[in-house]
Each structure stands twice: as C-alpha cells, then as structure tokens.
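One structure below.
The values are calculated or read from the model by the stated rules, or taken from the named source; none is laboratory data. A quick note: this is a predicted structure, and the numbers were derived from the prediction, not measured. Reconstructed Cβ throughout: ideal geometry from the backbone, glycine too, with neighbour counts over all protein chains shown.
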Amino acid sequence: MVGRRSLLSGLSALTTLQFARSARAAQSKEPGSIEAMHDGAAAPSRVDGHHAAIVTPNGRTLPWDWVDGAKQFHLVAEEFEHEFAPGCVAKCWGYNGTTPGPTIEAVEGDRVRILVTNHLKEPTTVHWHGLILPNGMDGVGGLNQPNIKPGETYAYEFTLKQAGTHMYHPHADEMVQMAFGMMGFFIIHPKDGDAEPVDRDFAIMLHNWALHPGTYRPDPAVMLNFDLWSFNSKVYPATAPLVVRLNERVRFRIGNLSMWNHPIHIHGHKFWVTGSDGDRWQKSAWRSEVTEIVGVGQMRDFEFVADNPGDWAFHCHMAHHTMNTMGHSVPNPTGVDQSGVETTIRSMLPGYVAMGKNGMSEHSEHIAMGLPGPENTLPMMTGAGPFGSVEMGGMFTVLKVRAGLDADDYADPGWYRHPQGTVARRVAFDPAYAVPESTNGQHHRGDER
Ligand SMILES: [Cu+2]
C-alpha cells in the first residue's frame, strides 16, 4: 500500500515540473548583467600588471589589505538568504554573504594572512584545498588546530609556494557546512606569468543542493538525489553568460566540491586541459577535449582560443544535471495516458498536472501557460531563447563569443545574430517526406498513423 506521503513525495516530482511563477520571473530578468556577474564590483583588470584578473561569474573577488608584511584577507563564515534563480531562495551558509565565498586571488611567493571570523552558531575551520603549507595551517579541526568557535576569529598565515587553481572549504562538520554552500576558490598566479597568458580567466565552482520543493534549507543528509545543480551556486537561467571577445585566449578554472563527478562540455570549440589540482601542466601533457570530467574534490583548467563566434552551450553532460528540481521516485510516464487519474491526484495535490506521455518537453509549455506549482522551487527546465524555450536548467550557461567587445567588457551582448543561411532550417511539414526505410522492419513511408 502506498501511503499518501510517499505518493505525494513521488508526485512532487511531476508537480514541480510544471510551475510557473518563478519561471516567468526568471525569464523576465535578463541574466548576466555586469552587476549580476561581479556583484557590483568594478570590471576586472590586471593583477600585478600582467595576469588577467579572475572573473567569478555571479560572484566576486575578495579584497585584501597590506598588513604587517602580508596580503591580509578576511573571511566571515555566516548564514544568509541565497537566491538560486528568481523564485527559489534558501538559507545558505558561506562567506561574507555569498556562496561560493569570494574568490581569493594572489601571486606565487606572496605572504598571505587570512582572518576567519565565525558568525555561525557552531564551530568551523577553513582548509586550503591543494595548497602546500605548514601542517598547522591546513585547517582540519581537531587534527591541525582547535575548531573556531562561534564568535572567534583565527588567523591563517603562510607563503604561497605554488601557482594554480585551488579551493577553500571547512573541515569541521563539513558534510553539513558544505551542503549549505561553504566553499570558494583560492587562485594563485605564477610569479613569472604564464608562457601563454590568457585574456579572460573565469572561475566556476560546481555544487549540488537538496532543496526540496516548499522548503527553505538544503537537506544535508541527501547523498544522491539532489534538487539543484549549480555553477557558482546559481542555476540556469540565473547563471551569468560567459562573455568573451572573438579570438581571445580564454581559461575556465572549474572546481568541484559537490557530491558527484561532472563531465563539463563546451560547444563550438575544443579546449586543452592545461592544469589540475597540482598546478598548470607542462604543454606536452595538455590534452585536446570537448568534455572533461571534473571529479569530486578536483580542479581542472580548460584553455582555448575563442575563434568561433556565436552563443555556445556550456554545461555538465550528466543529463539530470542540466535540469532543476525533479522527483526521482516517480513511475515513468512516457507512453502512459494519465487522463483518468489526473483529477484524483489533483484532489490530493492541488496544482498537479499529468504530463510526460510524450516526453517532458511539454513541461516548458505548462510553464509558458502559467500553471501554478509548489512553493519555492524551480521548474525542471526553463529559459527563454531566441528560438523558443531553452529546455535546460541547473548546470547550464551560454558561452557568448563576439567580435568588437572592449577588453574589459563582460556585459551580456544579447543573443547572437546568425549570418544569413547559417541556421538549421525547416524543409518539410510532411511526416513522410523522403523518410528512408527503417531497419526495424517497419515501413515508414506514409500511412501507419
Ligand atoms: Cu554534472
């Protein structure tokens, strides 16, 4: 006997497929304004004269002061309200009011001091993931240091002996603290510069969230079936577009502190994998790819020359990771006529709409129709493109390659205008148009419908 609760939790899946309010709100906000990308900070420039400054889409870089012979940074661990996309907010934890916390950016050889103030109601620490440092600075609570109790401030201080893409996160109650969003980038530029410097340098953190529909706190106990999959703690269509100027050399630094591995895929360009947790690789070790798995706890650097103008999908290739909230315990509705049960289910679950008989694409139509859905969640797929619904959510954004941008212009240039004759076109309405013989023995020409 299926209890009402389990039925409802199963059905919440399909129900969340349809709702409308947040979807419309999400679509009405043009993502990727310069404010959205940099949180109000000034447009990026150069670090130490020659490194392109890191851009953390939807995020920002942590400022520092020169104090007692070190670059001094200050992280405050705290709780705040975070918006994944318009219509979906949660109480999250992070640093200085954001998840991921602000990106720490420094140069090889720097002496750094990072103050960490704990405004949480439980102890925390910060581990500097991938950094070579004195043991007592490694941030594993109980092993390398006492935990930082609520209200306390600790100082971490060390000299940067390496370059590359690294991260920071707690090593105290880490299952909970990371599930709530506590993580950030720690990026170190090589002191002598890169042999092949990049013009734009983006940092993107991969994460997952069990924010069940109608709830306002991520569930830290979930291990597999997450509701939201995020780039820098945002889901499409709130993920900022990645704007680059034609023929620039671009680096994406991808970090993964989620609970899954993510095959990150870029359209329209092949890239070299040029670095990982350890550092930038020797050029002989670079690999040409279009998809690269970024494993849990790993970092990968992708580099390429943006020589192909257009709006190119940039996404995780796990199909469920480019979706927003969905239930995982729903019976497969494909091919099933549900019209007889819809009324019954709606009496238990207001707003329920049977769907999925011919696939989930009709979900986008339901969103466009304005059908209501559960509170504080997102439709499975959404996003309005120039040709219709972009049937994606989650770990998805758009790489926008354009000629004629200014060097520091990261603002959304709008949709790509395709040269005439370069868009796939309809050549027939007739289902039998020139259909070849099928190998399954059926004859498709004509009349079986
Ligand atoms: Cu993924």
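Numbers at a glance
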item: Output for region 263-302, where each listed residue is part of a loop (DSSP other than H, G, I, E, B), modelled with pLDDT of 95 or more and more than 21 Å from the chain's Cα centre (by Cα); result: Trp286
item: Hey, Glu108 more than 18 Å from Pro379 (Cα to Cα), in contact with a Pro (Cβ under 6 Å, 6 or more places away or on another chain) and at pLDDT 50 or above or not; result: yes
item: Residue, farthest from the ligand (Cβ to nearest atom), within region 265-300, restricted to residues that are charged (D, E, K, R) and within 21 Å of Phe396 (Cβ to Cβ); result: Lys270
item: Neighbours by Cβ (under 9 Å, 6+ apart or cross-chain): first from region 406-427, part of a loop (DSSP other than H, G, I, E, B); second hydroxyl-bearing (Ser, Thr, Tyr); result: Asp408/Ser45; Ala411/Ser33; Asp412/Ser33; Val427/Tyr433
item: Considering residues of region 240-262 that are part of a loop (DSSP other than H, G, I, E, B) and more than 9 Å from the ligand (Cβ to nearest atom) only, the residue farthest from Phe302 (Cα to Cα); result: Met259
item: Odd one out for Met326, checked against (1) away from the ligand (no atom under 16 Å from the Cβ); (2) of a type outside the set (Asp, Glu); (3) at pLDDT below 80; result: (1)
item: Residue, farthest from Pro413 (Cα to Cα), within region 377-400, restricted to residues that are away from the ligand (no atom under 16 Å from the Cβ) and of a type in the set (Ser, Thr, Tyr); result: Thr377
